[in-house]
Every structure is written in structure tokens, then in C-alpha cells.
Amino acid sequence: MAYKLNFGAPLPGFRFKPGECIVDSKSAEEFREGKVTAEQFDAVKMVVLEVGIDKRTEVESYHLLYDSELKVGEDLPWGEIAQWFTKVFVDSNFEPSAHPEI
């Protein structure tokens, strides 16, 4: 299947920008130490699609696209569930992924 994705606009004050790949710092450290392969590392990276304020929590949030083994929402007409991760989750333990440079 092919999808057309529209990235949101970058907003001042947000840690990550649409189009950037981010990764959990623990995974990045394991890759730097050679504990995981480049293929395994690529599998945990996420792409920032959009930044904004979550309407429910009213905090800085990121709409992330990632490859998941879990097929949540596959029975829905659009085949996916949009997931917003709040700044607390992303800001405390995520970093930009500059693989293969990292």
C-alpha cells in the first residue's frame, strides 16, 4: 500500500520538527555500544509528522509515525489510529536520530 503523508509546519519552541527521525535514548545508546544492529535500530525510529498542543492534556505533543508489529486499528476503515505522544514522554527520553552518523 502507498500513502501520501503531509508533514505539519515546524513551530517555535518545540524540541522536534516535522520530518525528523527520533528514537528512544536507550535504543540510541545500545546502537552506539554495538549491542543492536543498524537494522534493529532502524526498526525503532519514529518520524515526526506534526507538532502541536494536545487538546485533551493541553501540553506540547508530537504526532509520530512508526513501524509497529502491533496492528492496532487494522479493522478500522482507515486502517490506523492516530497516536499523539505528549512532551513528557518524548522530551524526557527521546533524541534526534542521525543514523548512520550517530
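Details
Here is a yes/no grid of residues against (1) crowded, with 16+ Cβ neighbours inside 10 Å; (2) at pLDDT 90 or above; (3) among the hydrophobic types (A, V, I, L, M, F, W, C); (4) over 14 Å from residue 95 (Cβ atoms):
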{"position": "3", "(1), (2), (3), (4)": "no, no, no, yes"}
{"position": "6", "(1), (2), (3), (4)": "no, no, no, yes"}
{"position": "11", "(1), (2), (3), (4)": "no, yes, yes, yes"}
{"position": "30", "(1), (2), (3), (4)": "no, yes, no, no"}
{"position": "36", "(1), (2), (3), (4)": "yes, yes, yes, yes"}
{"position": "51", "(1), (2), (3), (4)": "yes, yes, yes, yes"}
{"position": "59", "(1), (2), (3), (4)": "no, no, yes, yes"}
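- Test result for residue 79, more than 20 Å from residue 19 (Cα to Cα), at pLDDT below 85 and not acidic (Asp, Glu): yes
The values are calculated or read from the model by the stated rules, or taken from the named source; none is laboratory data. Given the structure is predicted, the values throughout are model-derived calculations rather than measurements. Cβ coordinates were reconstructed from backbone atoms using ideal geometry, including for glycine residues, and neighbour counts include every protein chain displayed.
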